[in-house]
Every structure is written in structure tokens, then in C-alpha cells.
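The values are calculated or read from the model by the stated rules, or taken from the named source; none is laboratory data. It should be emphasised that the depicted structure is a prediction, and the values quoted were computed from it without experimental measurement. Heads up, the Cβs are rebuilt from the backbone with ideal geometry, glycines too, and the neighbour counts pull from every protein chain shown.
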Amino acid sequence: MKELWELFICFLRIGMVTFGGGYAMLPILVRDLDEKRHWCTTDELMDYFAIGQCTPGVITLNVSTFIGNKRKGIPGALVASLGFLTVPIIIILIIAAFLTNFADLPVVKDAFAGIRVCVCVLILQAVLRLWKKSVVDKKALGLYLVVLFLTVFSSVLPVSIPAAVLVIASGVFGILFGKENTLTQESGGEDE
């Protein structure tokens, strides 16, 4: 019961500062879940983010569910998810009740402009952290450049490729290279 309570409180605190979506939350999750509590590694967290990107729902909520499940099975998944959702739901209800009355005030517009800048910085920090852990060789760099090209130029390409397809295709690509790396290592060769 104590560990379920810890899961709830941890994700309640994380839910209190959920601004800017999942990728903006990555530095906070790494600090709280890997560096502070050692509930998962940064690599596991990035795997959870990749899976969370392909599944319905908010990425960080999906991650809280995965971590809760890892720690205490289905009860842990439910408690961690509930902890994560509690504060955002309350905040959204309050904002929804009052936003129409205050949305046009200059101070509210200025506050949202400042928050957007902060969110951009948090997302950039997450991207840099993911870059260091993910783009580790020429093959990974090549995959990165292909996915970046397909994403950036999707509006001018004849067919727009959904993000989920890119994630799944990248996973397949990783599996194929994983087998190639294993075969190379077994035969005594070195991989780039």
C-alpha cells in the first residue's frame, strides 16, 4: 500500500507541472523517475515515450501508466495514472469556468505568451537529451535525417506520412539493424 501511495504522490506532483505536453516533461520525468527514485532508466523512459507516441492518449499519462505497471502491476498503473490526472483535471475545470471571462485581458495574453516560450525551451531540452541518447552512430543519424526530412517536408510531399507510421517504421529499422549488429558482433567484426 505504501508503494501505491508513493506512485500516486509522485505522479500527482508531476501532474501539477504538466505544461507543454510530453516532450516538455521529459527532463522532469528523468529527474524524478530515474535520477531521484531509480524507478526506471533514462533509456526505458525514452522507450516508454516512443510507445506512448504510438498509443492513444497523452504521452506523459501513458508513461505514468507504464511506470505504475512496472512497479505494482495493474493497481500501480491505475494509481499512477490517477495521480497524474488529478491536478490537470482540476486546473482545466477551473480554467474552463473562467477563461472566457479573462481570455482577452492583456495580462492573460502576456502570461500565455511567456508560458509558450518556456515550453519551447523545455521541449528543446528534451530534444537535446533524446539526441544524445539516440543518435549514436551513422545509421542512427541517417534514420534521423530521413525522418526529419519526411516530417519537415510532409506538407509539400505528395503523401503525408502519419507520425505513428514513422515511429513504427523506425522501430522496424532498429530491429533490422539490431540483428545486423548482433551478426556482426558474433562474427567478430565491428560496427560503426
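As a summary of the residue check, Leu78 satisfies the conditions (1) farther than 19 Å from Trp131 by Cβ; (2) at pLDDT below 85 except for the one numbered (2). Restricting attention to region 18-60, the residues that are farther than 20 Å from Cys120 by Cα and touching a Ser or Thr at 6+ places or on another chain (Cβ under 8 Å) add up to 2. Inspect region 112-119 for any residue being over 19 Å from Ile28 (Cα atoms), in the same structural domain as Leu7 (by TED's automatic domain parsing) and modelled with pLDDT under 85 and give the result as yes or no. Looking for residues that are over 19 Å from Ile28 (Cα atoms), in the same structural domain as Leu7 (by TED's automatic domain parsing) and modelled with pLDDT under 85, one finds at least one in region 112-119, hence yes.
Can you confirm whether Glu44 is at pLDDT below 95, more than 15 Å from the chain's Cα centre (by Cα) and either assigned to a helix (DSSP H, G or I) or surrounded by 19 or more Cβ atoms within 10 Å (Cβ to Cβ) (or both)? Answer is no for this residue. Please indicate, with yes or no, whether at least one residue in region 70-81 is closer than 28 Å to Ser170 by Cα and out of contact with any helix residue (DSSP H, G or I) (no Cβ under 8 Å at 6 or more places or on another chain). Within region 70-81, none of the residues are closer than 28 Å to Ser170 by Cα and out of contact with any helix residue (DSSP H, G or I) (no Cβ under 8 Å at 6 or more places or on another chain). Do any residues in region 151-172 that are under 17 Å from Thr55 (Cβ atoms) and not assigned by TED's automatic domain parsing to the domain that holds Cys54 have Cβ atoms under 7 Å from those of residues that are at pLDDT 85 or above and among the basic types (Lys, Arg), where the two are at least six apart or on different chains, and which pairs are they? If the second residue must be at pLDDT 85 or above and among the basic types (Lys, Arg), no pairs are left. Taken together, Ile94, Ile89, Ile123 contain a single residue that is in contact (Cβ under 8 Å) with a residue 60 or more places away in the chain, in a helix (DSSP H, G or I) and outside the structural domain of Ile168 (by TED's automatic domain parsing), which is Ile123.
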